[in-house]
Amino acid sequence: MSELKYMELSLDEILRNLNRCKSIVVNQEEAISQFRDIILSASNKRVSKERKSTIFLAGAGRSGFVAKAFAMRLMHLGFYVYVFGESLVPPVNDGDIIIIVSKSGKSNSITQIVEDSKIDNVKFLAVCGNTESELAQKSDARIVIDSLPQTLINLEDEDVNKFMESLPRSLINFESDDDIKSKIDKLPKKSADLTSKEVWKSIEVLPSEISGISNIYRPLELILMGTAFELSALVILDALVNELMQNLNLREKDLKGYHDVLSSSI
């Protein structure tokens, strides 16, 4: 494996999750069709100049970036679109649609949007990772993306060795402390010894200033926090754009006319 072996392993894990996207679509065909049809029911300037409904999108953190990416595509398709949190967002009115991207469906900002939007005829669409969440339960249609269990790997012996050999030389503040050097030298150099209780006893007596000591003995996560959900949501929603394009009889050349050419020239 190359010098970037952990990056390669991470990409394998990301692709493992993305490969599930097609099965998610197949297994939730009815729900996603309903999701699509609700979007298509919104006002679209390509179909009619009369504006009766608007699509609002929301998401917290990185899920918010996914929501913004989908919002941009909906705008290219001709829908009237806003993203919550921006300074020019108008009020939600009767007949509007709210699309929320949230893995947990429980973040304060997301639940607040659900609570504050009490208008009877507002449609809620959810892209979430938890069917039991309040967001999923209150939505009119949902796409549920349940991530695969996290894959962890132990570092290879050569990487443990490399780290442990470089560590004493990097401890400038502790070079004169023979006691610390002795404790570091006693730490194991092989992954087979990493489960030993003696390892953690040795680590616990080291100064907290020595960063990285404990992490070198812990398994490495190949995909971080909500990354699997966020990337899968981005891919599924981008694929949904093609479904919407077909229903609106649009092609890529039609979308280009709605691109913001001024910002790209700044």
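Any of Lys103/Lys123; Lys52/Lys106; Lys103/Lys162 with alpha carbons more than 26 Å apart? Name them for me.
On the way: Lys103/Lys123 19 Å; Lys52/Lys106 30 Å; Lys103/Lys162 38 Å.
In this structure, Lys52/Lys106; Lys103/Lys162 exceed 26 Å between Cα atoms.
Any chance you could run the full-extension gain for Arg46 through Ser87? It's 0.36 nm times the residue separation minus the Cα-Cα distance, nm to one decimal. Each step should come with its number before you reach the end.
Working: separation 41, 0.36 × 41 = 14.76 nm, distance 2.57 nm.
Using 0.36 nm per residue and subtracting the Cα-Cα distance, I get 12.2 nm.
When the chain is fully extended, how far beyond the present Cα-Cα distance does Leu248 get from Lys5, taking 0.36 nm per residue of separation? Can you show the working numbers first?
Details: separation 243, 0.36 × 243 = 87.48 nm, distance 4.43 nm.
Taking Leu248 through Lys5 to full extension adds about 83.1 nm, to one decimal.
Each value in this text was obtained by applying a stated rule to the coordinates, not by laboratory testing. Owing to the predicted nature of the structure, the values given are computational and were not obtained by experimental measurement.
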